[in-house]
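Everything on this sheet refers to the single structure shown next.
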Amino acid sequence: MAERKAKHLEICLDDQQYAIEGGDSGFGNFRFIHRALPELSAQDIDTSLDFLGYRVSMPLFISSMTGGSDSGFLANRHLASIAQTARIPVGMGSIRILFRKPEVLAHFTLKKLAPDVPVVANLGAVQVRDMVHNQIFEMLKRLEVDGIAIHLNPAQELFQPEGDRDFHGILDSIRRFCHACPVPVIVKETGCGIGAQEAVRLLQSGVAYVNIAGSGGTNWVSVERYRAQGVLATAADQFRNWGNPTALVLAGLRSMEEQNRLPYTNLKAKTVHQTIAIQAADRSVQQSTDPKNKSEQSFRGILGGRILASGGIRTGMDFALSIALGAWMAGTALPFIRAVNSGGPEAGLAYAETMRTVLKNIMTLTSSHNLSVLRTRPLLINPSYKETIDQYIRAMGVA
Ligand SMILES: Cc1cc2nc3c(=O)[nH]c(=O)nc-3n(C[C@H](O)[C@H](O)[C@H](O)COP(=O)(O)O)c2cc1C
């Protein structure tokens, strides 16, 4: 398992030898509308928000990646220090290895390095289905994490020579897990996207946040393609564009919510962690009214502010668009690990600070003094993409 993780990291870092980014996240089809008279001061822009019990400085998180190998350990330490300095959440790679190799516990004890921001553990949905939940809960307490991200990765598993092939019973096990888990549960994909129906079902099952983790960025079938051989490798080549693009899923969810086609009213909190997530979103709306402009609109985010975006978010423009489309927060994985690999934690921090600067300037130029207002700003959409979004909505058919 450690060897596999190390090989994954090697493939992800070497962009000269391995082509692992595929498809189009779709953000290029959207545009903000510039305002020449924003009538606010850049100094008053507030990019902060509540997440997993912390006030974080902006809606950016470092998505789940490494641990379990020596190179992964070093990367985790750098990522945690970036998170602590930038005041943003940090995820870690799957903790599965800890149950077989407890001596690598130090690779995952990131809380000491990032005490003031949310630190999120990670585990595969298949492990959640097959393992004793109390064993996982004990490990989460030992790691002192603030949440756990459960990953769904059926496409990757199918192209992993040793991967799982049986995906029965996952949703039911997630529901049981959420009701007893000591920390909030996030469910994420790993780059193929979670659809509207699945997001709603997951939230109805007790999940605090759904990270749609769509396509257009790191493609895990392509990563596995470089480990696979023969037919599996040839077949994997045909999946370079597979998955639901991140911007398409977000825009689809947003339109469906506007057309009252998402059963938001049924999404009453079932766990204490869901209550906290909903309260955070409600608070952001209360705080958003500018005393100088009492009639200002605000929007907490899709599905009550419980949708996170990731997958192919590369630039500050992608980042700001994902929040404007209605995500509560947005995450990136590959850009952080590549920055850290080539330029150490300083390069990772510079990447985060560039994202912050772009977001802040877009908020100024769209006259959005905070994130709840940014989410109400109109966007221009490429007409042909609008048609694709409509097709996506028709295919989803959630009523
Ligand atoms: C080196 C690396 C390791 C990863 N390991 C994990 C993992 O252990 N668990 C997980 O849920 N996702 C993992 N991911 C997936 C990311 O969290 C993310 O969902 C995916 O890479 C898409 O985001 P991106 O396009 O910004 O890279 C990993 C990604 C990278 C680049």
Task: Test set (1) more than 15 Å from the ligand (Cβ to nearest atom); (2) touching a strand residue (DSSP E or B) at 6+ places or on another chain (Cβ under 8 Å) - Glu162 fails condition number - done: (2)
Open item on the list: Looking only at region 202-256, filter to residues that are under 23 Å from Val185 (Cβ atoms), away from the ligand (no atom under 15 Å from the Cβ) and of a type in the set (S, T, N, Q); which one of those is surrounded by the fewest Cβ atoms within 10 Å (Cβ to Cβ)?
Closed with: Gln204
Task: Test result for Pro154, away from the ligand (no atom under 16 Å from the Cβ) and within 21 Å of Lys7 (Cβ to Cβ) - done: no
Task: Among (1) within 17 Å of the chain's Cα centre (by Cα); (2) within 16 Å of the ligand (Cβ to nearest atom); (3) not in a helix (DSSP H, G or I), the one test that Asp15 misses - done: (1)
Task: Identity of the residue in region 58-77, crowded, with 24+ Cβ neighbours inside 10 Å and modelled with pLDDT of 95 or more, that ends up nearest to the ligand (Cβ to nearest atom) - done: Ser63
- [ ] Search region 1-57 for residues being more than 22 Å from Ala121 (Cβ to Cβ) and β-branched (Val, Ile, Thr), and hand back the single one that is most open to solvent (accessible area, probe 1.4 Å).
- [x] Ile33
- [ ] Determine whether Ser342 is out of contact with any strand residue (DSSP E or B) (no Cβ under 7 Å at 6 or more places or on another chain), open to solvent by less than 10 Å² (accessible area, probe 1.4 Å) and either over 23 Å from Ile212 (Cβ atoms) or not in a helix (DSSP H, G or I) (or both).
- [x] no
Task: Every pair of residues 6+ apart whose Cβ atoms lie under 6 Å, when the first sits in region 41-52 and is part of a helix (DSSP H, G or I) while the second is crowded, with 19+ Cβ neighbours inside 10 Å - done: Asp44/His369
- [ ] Go through (1) surrounded by fewer than 15 Cβ atoms within 10 Å (Cβ to Cβ); (2) under 22 Å from the mean Cα position of the chain (by Cα) one by one and return the number of the condition Arg142 breaks.
- [x] (2)
Task: Hits in region 265-284 (condition: surrounded by 15 or more Cβ atoms within 10 Å (Cβ to Cβ) and assigned to a helix (DSSP H, G or I)) - done: His273, Gln274, Ile276, Ala277, Ile278, Ala280, Ala281, Arg283, Ser284
- [ ] Go through the residues of region 275-291 one by one and say whether even a single one is at pLDDT below 95, among the acidic types (Asp, Glu) and farther than 29 Å from Leu203 by Cα.
- [x] yes
Open item on the list: Exactly one of these conditions fails for Gly169: (1) away from the ligand (no atom under 15 Å from the Cβ); (2) touching a residue at least 40 places away in the same chain (Cβ under 8 Å); (3) in contact with a Phe, Trp or Tyr (Cβ under 9 Å, 6 or more places away or on another chain); (4) not basic (Lys, Arg). Give me its number.
Closed with: (3)
Open item on the list: Give me the residue from region 58-112 that is in contact with a strand residue (DSSP E or B) (Cβ under 6 Å, 6 or more places away or on another chain) and β-branched (Val, Ile, Thr) and, out of that set, farthest from Gly124 (Cα to Cα).
Closed with: Ile88
Task: Of the criteria (1) surrounded by 22 or more Cβ atoms within 10 Å (Cβ to Cβ); (2) touching a His at 6+ places or on another chain (Cβ under 7 Å), which one Asn153 fails - done: (2)
Task: Answer residue from region 311-328, given it is within 13 Å of the ligand (Cβ to nearest atom) and open to solvent by less than 10 Å² (accessible area, probe 1.4 Å) and is nearest to Asn244 (Cα to Cα) among those - done: Gly312
Task: Single residue of Phe167, Phe177 found to be aromatic (Phe, Trp, Tyr), out of contact with any Lys or Arg (no Cβ under 6 Å at 6 or more places or on another chain), more than 18 Å from Ile302 (Cα to Cα) and open to solvent by less than 20 Å² (accessible area, probe 1.4 Å) - done: Phe177
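The values are calculated or read from the model by the stated rules, or taken from the named source; none is laboratory data. Remember, predicted model here, so these are calculated numbers, not experimental data. Neighbour counts are summed over all protein chains in view; Cβ atoms, including those assigned to glycine, are modelled from backbone coordinates with ideal geometry. Just the protein is used for accessible areas: all its heavy atoms, side chains included, with ligands, DNA and RNA removed. Shrake-Rupley method; radii C 1.70, N 1.55, O 1.52, S 1.80 Å.
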